[in-house]
1. Keeping to the stretch B:237-249, report how many residues are in a loop (DSSP other than H, G, I, E, B) and either closer than 21 Å to residue B:307 by Cβ or out of contact with any helix residue (DSSP H, G or I) (no Cβ under 6 Å at 6 or more places or on another chain) (or both).
2. Could you run through the stretch B:265-295 and say how many residues are crowded, with 24+ Cβ neighbours inside 10 Å, more than 15 Å from residue B:385 (Cα to Cα), within 9 Å of chain C (Cβ to nearest Cβ) and touching a residue at least 40 places away in the same chain (Cβ under 8 Å)?
3. Would you list the strands (runs of 3 or more DSSP E) that sit entirely within the stretch C:121-208 and hold 1 or more residues that are closer than 30 Å to residue C:343 by Cβ and of a type outside the set (D, E, K, R)?
4. Conditions: (1) on the phi < 0 side of the Ramachandran plot; (2) at pLDDT 95 or above; (3) away from chain C (no Cβ under 12 Å). Residue A:226 meets all but one. Number of the miss?
5. Residues of the stretch B:38-87 being within 14 Å of chain A (Cβ to nearest Cβ), surrounded by fewer than 16 Cβ atoms within 10 Å (Cβ to Cβ) and free of Cβ contacts under 8 Å to residues at least 24 places away in the same chain, which ones?
6. If residue B:30 satisfies every condition in (1) modelled with pLDDT of 95 or more; (2) farther than 20 Å from residue A:291 by Cα; (3) more than 34 Å from the chain's Cα centre (by Cα) but one, which is the exception?
7. Within the stretch C:348-377, how many residues are modelled with pLDDT under 95 and in contact with a Lys or Arg (Cβ under 8 Å, 6 or more places away or on another chain)?
8. Which number in (1) out of contact with any Lys or Arg (no Cβ under 8 Å at 6 or more places or on another chain); (2) surrounded by fewer than 20 Cβ atoms within 10 Å (Cβ to Cβ) marks the one condition that residue A:336 misses?
Amino acid sequence: MSCVSKVMGMAVVFSCLLGSFFGVALAAEVSGDTETCIGCHSMVTPGIVADWQNSRHAKVSPAEGLQKEKIARRISAEKVPGELAETVVGCAECHMLDADKHPGSFEHNGFTIHTVVSPADCATCHPTEVTEYADNLMAQAYASLVNNPTYAHMIKSTNGMHEYADGMMTFHGSDPLTEADSCLSCHGTDVKVGELVTRETAMGEMEFPTLSNWPNIGVGRLNPDGSVGSCSSCHMRHQFSIEVARKPYTCAQCHKGPDVPASKVYAVSVHGNIQKSSDKDWNYKEVPWTVGKDFNAPTCATCHASEVVDENGEVLAKRTHRFNDRLPWRIFGLPYAHPHPIAADTSNIVNKAGLHFPTELTGEPVSKFLIDQAEMDKRQATMEAVCSGCHSEQWVKGHFTKFDKVIETTNHMTLQATKIVAQAWEEGLAEGLPQGKNPVNEAIELKWVEQWLFFGNSTRFATAMGGTDYGVFANGRWYQAKNLQEMHDYLKFLRATKPPVK
Amino acid sequence: MSCVSKVMGMAVVFSCLLGSFFGVALAAEVSGDTETCIGCHSMVTPGIVADWQNSRHAKVSPAEGLQKEKIARRISAEKVPGELAETVVGCAECHMLDADKHPGSFEHNGFTIHTVVSPADCATCHPTEVTEYADNLMAQAYASLVNNPTYAHMIKSTNGMHEYADGMMTFHGSDPLTEADSCLSCHGTDVKVGELVTRETAMGEMEFPTLSNWPNIGVGRLNPDGSVGSCSSCHMRHQFSIEVARKPYTCAQCHKGPDVPASKVYAVSVHGNIQKSSDKDWNYKEVPWTVGKDFNAPTCATCHASEVVDENGEVLAKRTHRFNDRLPWRIFGLPYAHPHPIAADTSNIVNKAGLHFPTELTGEPVSKFLIDQAEMDKRQATMEAVCSGCHSEQWVKGHFTKFDKVIETTNHMTLQATKIVAQAWEEGLAEGLPQGKNPVNEAIELKWVEQWLFFGNSTRFATAMGGTDYGVFANGRWYQAKNLQEMHDYLKFLRATKPPVK
Amino acid sequence: MSCVSKVMGMAVVFSCLLGSFFGVALAAEVSGDTETCIGCHSMVTPGIVADWQNSRHAKVSPAEGLQKEKIARRISAEKVPGELAETVVGCAECHMLDADKHPGSFEHNGFTIHTVVSPADCATCHPTEVTEYADNLMAQAYASLVNNPTYAHMIKSTNGMHEYADGMMTFHGSDPLTEADSCLSCHGTDVKVGELVTRETAMGEMEFPTLSNWPNIGVGRLNPDGSVGSCSSCHMRHQFSIEVARKPYTCAQCHKGPDVPASKVYAVSVHGNIQKSSDKDWNYKEVPWTVGKDFNAPTCATCHASEVVDENGEVLAKRTHRFNDRLPWRIFGLPYAHPHPIAADTSNIVNKAGLHFPTELTGEPVSKFLIDQAEMDKRQATMEAVCSGCHSEQWVKGHFTKFDKVIETTNHMTLQATKIVAQAWEEGLAEGLPQGKNPVNEAIELKWVEQWLFFGNSTRFATAMGGTDYGVFANGRWYQAKNLQEMHDYLKFLRATKPPVK
């Protein structure tokens, strides 16, 4: 092994010499400001400096990036202003950018810097991505959760402190630290700048602004500069790598639990198997991304985001950071699958019963907030164009016929559970909507939530991606059926033990 | 990194020149028919064309394959007929083979092709594998499920639509789409050829035959040509790679859920740890497969399928596609672990109580359908020969002593759960066998099923492969014990709330 | 692909010639005794011989290892005695070492060997690691489990055989084989040497000593020579690789179940994502381990064990095999999170209620057995030094503020469940502590155990490492809340059906 490494090492030296000989410009320079940063930070936070040094940002200047033909560019700006274009993208280029727009800017060794680099900063070179992302449900993940009264109930019963005393359960609200650590860890926190504090550092005493609800890299984070989201949710600091974002492990950070088992389903799908089995032979870095050549099965990014082409350069799908561009249906997080919402912020969606849900409690979509059939068809066609990279039309249509069916059957099974919980409310065996109480905190109510939040979702994901057992025994149809039977019995047990409430 | 790639690229060119220089025939040619296919399909389904181009099929002709010494061959045919032998194995060689034997054959741009390439086609070059596979339980996974009346009950209560009305649960049957999407996704569907339909394609209007229950790559698929199974269940289209099939992620497609957690258990076993940790250094392609040199811990394939040799070429285990050749016990899918069935189609196995189970409800094996002790001993010895590649006899015997014990203890724990559900039936607290009703649809019955289908199985797999926690807290003994306690209480709750049915 | 391999092959030959030419000593020699072992064992257990040949042990002698500068050494001995130092570390060097100290030594083809190589043997070259490990909770994992009466109850109700008859559940004790296969598989068994038996081998009849509770590689194994632990728990036979031990899959062998979901949480953390995504580019073998250069996100080993340095050679954390050196809190396995125990053997810890728990049933720590605040602060600082490799102080402090909070909230939720189970005992709805009966075998009691053993733990791990959903829906706060609600209802169901016991 060490013999091999040695030869490889020699080869690299040789090739780099060749590179110089033929006059190839291999890298732009690091700016003076960034060099100053690195001077201290290679000692203070050496890991992220080294990490950045391995990044594309550390090797290529925006100007060089703009020399590529359009389809191969990583940056969407037509032009990058002034000096920024000429050096590589280092510490200073991001953390000192537009200081006046960042409430958290502070004096640091002669520079004015801000801690929270935001999408507004990234937009300097990547404006299309930032604009698209803002239309994304994820960009509003904070507002859509926190401002939805029904979800607020759910946050309280999940995160809040319960108290058992005198044979009774009572509920206390949750606290900001727990919420930041729980739901908002993925959804994003509201980051606010506080007072300056003095800290003892390796370089002596220094002042830093405090940040509340920090650290956080949630997808809908509210940044001090008023922007939303965090590009580093998926493009992790400080390599900000396209490779990592294209691998399925990135999405798995938030999309693996029973409420949204996308990653688990993918792992046992044919696509996921091929990805894991062939990972080391794939090229996750190429832009655009060539089906069959760079990869031979899709990852999350392939279907939902990437610019995918064939070997002739024919575009199968345009790159998008509005990840629902290829998604007609929204299949998780709500009682019933339904057409995608029109607006990213869903907190103002209300059904007839006054619940902030995009469907009635009986499943009918609240259409005025949702995309129409024409838009659904368009999105479906966009997705199918990706599938057609490898699959015949009959294969693709056959797949989506099953998908349409699973929406119908899982919605049916949610409806039955809804009828049972409604019966419990009617008889006063639990206190929920009719009583004007939290509808998602007693045991029978939590079973109702699991019917859709866990089992319905899992079944739909399994159909969507082909991870069979997640549609059967692994939180799939088996659990849908079993949960319903148990709810049915539970109602009787409650009846036998609990005097009806007036 | 790009420097390295450049040198590697040059090296490849150089080496290929060398290859020619020394007169090494590096690849056979692509047939004219296949070239015609590729002409269009590199535009229509570019991904699978490129995928195939990376396959061994695209590089080596059967005739070249036959030049290898026998133990190193990937093909088991002694002779491959006529022209087929001389070109690489492309689109035409499979999709145009024996057109008259394929009901689904249709005219396509001047060729007669069939969509569903079946094991009968693959048998042209791989007859031994196809023959062995046919004796496999997996080959009959469709029949053994669908034709077994007890399983039919389970399919209905899992996939069927439940209805809650007037305080009662009722059941509707399932539908073909849901079954294809659920159980049959792994077990295989019954694919039938329907009418020709006209479709608008990139090349103009064309006619294609419709296929029902399609797409599907289940292991026991009924193909239009009368053959069973789908080689691409494990050797995924269109690389049909031995490497992918040997990696554990392939088996995980169907063997990961709570009903058959083989993949999960393997992942936390010592073997699975070493495989994941060392994956990039292994050679998954060599035939035969040399223990210690090509790999240093077994994958699923190593123990159940592969030709395993040592560095002296000594054969530890012969290749087999009859995966129970090394398995005396069947440990999952049924209430009690039992000796393997003799025949692949198990749907005709009946016990004294009339249930289509290979054991009585009390656990005694229904011996006439099961292999005898001599056959069990033979299979055990075949498996132990694989173990002996790395382990001493005492280690191996110690391992299997625990395995014998876990069969005894998990069967005992199933028996207790069976006594409880039988008590429920006797008292009319649930309606099952004595009432001639579905024995697996009410809550207490589903808990009984989970006792063996989830918890007993998980515990046995954990012992078999050493993924400890799957035998304790992760659906193992802890759940066996807890489920039993809960069933015991549940019976009392039912008694308190449900008037006994006559 | 084959072209590339060919060139690489040529390159290796060429480079090795170069190696010889420049007089580089490439490897020490194999001892004569080891050569004799290999003579037979390359046929009898070829896999482990080949595996060892790929190890560092097979290539470097202790004397060569000692030539490295101290920080780069893999061995901690100042001096390795006599002949042992001069040859590579082969079969004989370990299996024949100090024969008289190993009760299991036996005559084998003219040599006196022992089967169970123990930490006492490894200490010849790695004394610091063995000494540190002995202070570890893991080293006493056998004693701390088996000698703790409360855990003994839990072992019995998990592993023991339950019996349902005449409407009653009764319990039988467990058996040694099941315990070895279950809890003790990770915790370690008590390995004892028995009689010599004669076995038929490929080399004729031979005598071997029998070993009870074997095979086992549990972390607290009691070895025949009186030592505890098994280095091969993490450094798997026969490569004993630092690379494998540093990968997270090794820890996952025992730390993945619902009782200790560290591995699952890590997999969905940012750190785990980067590790999986970048695995092939990391150098897991360097000693010391350079942050940013060798790896750009921590694995389990980075935070809990490894010598971590920056590119300037500055040490961020000293290597330790006492894995709680960086851990102030113990967050799993017990009802309440609490300061780490002082002694590795925790079986003698007793609270006021007579339970062998490090906290009272109400959560107050039993301080005299636990580390004090000063020691907690020291350990916290040691851990934070690792974090500071990549994170600013504010980031790190913000992280641990959430960690302090989750200890408080999960302990609160355990307390509520404890109040419910205590109520059940008080009313005689279950028989536990007040009745002097097994407190962890009835359904309501098992639900109490899951409140802390599964849900509290999972939530804390999620905060500690950032795998969000394990703190919410994946056995996290959602389950804490739901379990509590169900326990509350369960009490009422029990009351309605079970006549209070006197």
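1. Our first condition is that a residue be in a loop (DSSP other than H, G, I, E, B); within the stretch B:237-249, this holds for B:237-241, B:247.
Those still in the list that are either closer than 21 Å to residue B:307 by Cβ or out of contact with any helix residue (DSSP H, G or I) (no Cβ under 6 Å at 6 or more places or on another chain) (or both) too: B:237, B:239-241, B:247.
Qualifying residue count for the region: 5.
2. So the answer is 3.
3. Numbers: elements: C:162-165, C:168-171, C:192-201.
Strands (runs of 3 or more DSSP E) meeting the threshold: C:192-201.
4. (1)
5. Hit for the stretch B:38-87 is B:39, nothing else.
6. Residue B:30 satisfies all of (1) modelled with pLDDT of 95 or more; (2) farther than 20 Å from residue A:291 by Cα; (3) more than 34 Å from the chain's Cα centre (by Cα) except (3).
7. The number of residues fulfilling the criteria is 0.
8. Going through the list (1) out of contact with any Lys or Arg (no Cβ under 8 Å at 6 or more places or on another chain); (2) surrounded by fewer than 20 Cβ atoms within 10 Å (Cβ to Cβ), residue A:336 breaks only (2).
The values are calculated or read from the model by the stated rules, or taken from the named source; none is laboratory data. Please read all numbers here as calculations on a predicted model, not as lab measurements. When we count neighbours, we look across all protein chains shown, and the Cβ atoms used for this are built from the backbone with ideal geometry, even at glycine.
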